[in-house]
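So the structure is just underneath, and the comments pick up after that.
The values are calculated or read from the model by the stated rules, or taken from the named source; none is laboratory data. As the structure is a computational prediction, the values presented were derived from the model and not from experiment. Every residue, glycine as well, gets a Cβ built from its backbone with ideal geometry; the counts of neighbours run over all protein chains shown.
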Amino acid sequence: MADSPATDRAAAAARILTNPAAYKVCEGCGSIVASSADLCPNCHSFRFEASAESVTSQARLLGSREQTSVTAEDLC
């Protein structure tokens with residue numbers, strides 16, 4: 001049986017928290033993306049906050065609540 005979306009989000013947050021330097025936070029929508037991303041895949045913003053503090057804070061927030069944003073996968 002597949003994990004629930006909340007469990008998946010918590011697992012993703014835990015993975016991000018182990019290496020926050022590999023990620024950055026989109027200033028347009030608050031998504032966490034890989035540090036190599038040039039554009040946010042969700043809102044196409046090009047502005048990011050890459051500090052470990054911002055990534056850690058956002059990962060904890062997003063990992064503790066249900067998804068509220070619409071992603072590209074939701075539109076397929």
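Just need a number here: residues in region 11-50 that are assigned to a strand (DSSP E or B), hydrophobic (A, V, I, L, M, F, W, C) and either more than 20 Å from Thr68 (Cα to Cα) or under 9 Å from the mean Cα position of the chain (by Cα) (or both). Walk me through how you get there before you give the answer.
Taking region 11-50 and keeping what is assigned to a strand (DSSP E or B), we get 23-26, 32-34, 48-49.
Applying the additional criterion that residues be hydrophobic (A, V, I, L, M, F, W, C) yields 25-26, 32-34, 48.
Keeping just the survivors that are either more than 20 Å from Thr68 (Cα to Cα) or under 9 Å from the mean Cα position of the chain (by Cα) (or both) gives 25-26, 32-34.
Result for region 11-50: 5.
Kindly check whether there is at least one residue in region 42-52 that is in contact with a helix residue (DSSP H, G or I) (Cβ under 8 Å, 6 or more places away or on another chain), at positive phi and of a type outside the set (Phe, Trp, Tyr).
No: region 42-52 contains no residue that is in contact with a helix residue (DSSP H, G or I) (Cβ under 8 Å, 6 or more places away or on another chain), at positive phi and of a type outside the set (Phe, Trp, Tyr).
Just the residues that are free of Cβ contacts under 8 Å to residues at least 12 places away in the same chain and of a type in the set (S, T, N, Q), please, taken from region 4-60.
Residues satisfying the conditions are Ser4, Thr7, Thr18, Asn19, Ser36, Ser51, Ser57.
Within region 22-72, which residues are closer than 19 Å to Ala10 by Cα, surrounded by fewer than 16 Cβ atoms within 10 Å (Cβ to Cβ) and out of contact with any Ser or Thr (no Cβ under 9 Å at 6 or more places or on another chain)?
Listed by number, the residues that qualify are Ala34, Ala52, Glu53, Ser57, Arg60, Leu61, Ser64, Arg65, Glu66, Gln67, Thr68, Val70.
What number of residues in region 9-21 are surrounded by 14 or more Cβ atoms within 10 Å (Cβ to Cβ) and either modelled with pLDDT under 95 or in contact with a Phe, Trp or Tyr (Cβ under 6 Å, 6 or more places away or on another chain) (or both)?
Filtering region 9-21 for residues surrounded by 14 or more Cβ atoms within 10 Å (Cβ to Cβ) gives 9-10, 12-13, 16-17, 20.
Pick out the ones that are also either modelled with pLDDT under 95 or in contact with a Phe, Trp or Tyr (Cβ under 6 Å, 6 or more places away or on another chain) (or both) and you get 9-10, 12-13, 16.
Count: 5.
Can you find even one residue in region 51-60 that is closer than 18 Å to Pro5 by Cβ, in a helix (DSSP H, G or I) and among the basic types (Lys, Arg)? Before the answer, list the steps.
Here is the first cut: in region 51-60, the ones closer than 18 Å to Pro5 by Cβ are 58-60.
This time we only want the ones that are in a helix (DSSP H, G or I), so: 58-60.
Next cut, among the basic types (Lys, Arg) only: 60.
Checking region 51-60: at least one residue is closer than 18 Å to Pro5 by Cβ, in a helix (DSSP H, G or I) and among the basic types (Lys, Arg).
Residue-by-condition table, conditions (1) small (Gly, Ala, Ser); (2) touching a strand residue (DSSP E or B) at 6+ places or on another chain (Cβ under 7 Å):
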{"position": "Ala12", "(1), (2)": "yes, no"}
{"position": "Tyr23", "(1), (2)": "no, yes"}
{"position": "Cys29", "(1), (2)": "no, no"}
{"position": "Val33", "(1), (2)": "no, yes"}
{"position": "Ser45", "(1), (2)": "yes, yes"}
{"position": "Glu53", "(1), (2)": "no, no"}
{"position": "Asp74", "(1), (2)": "no, no"}
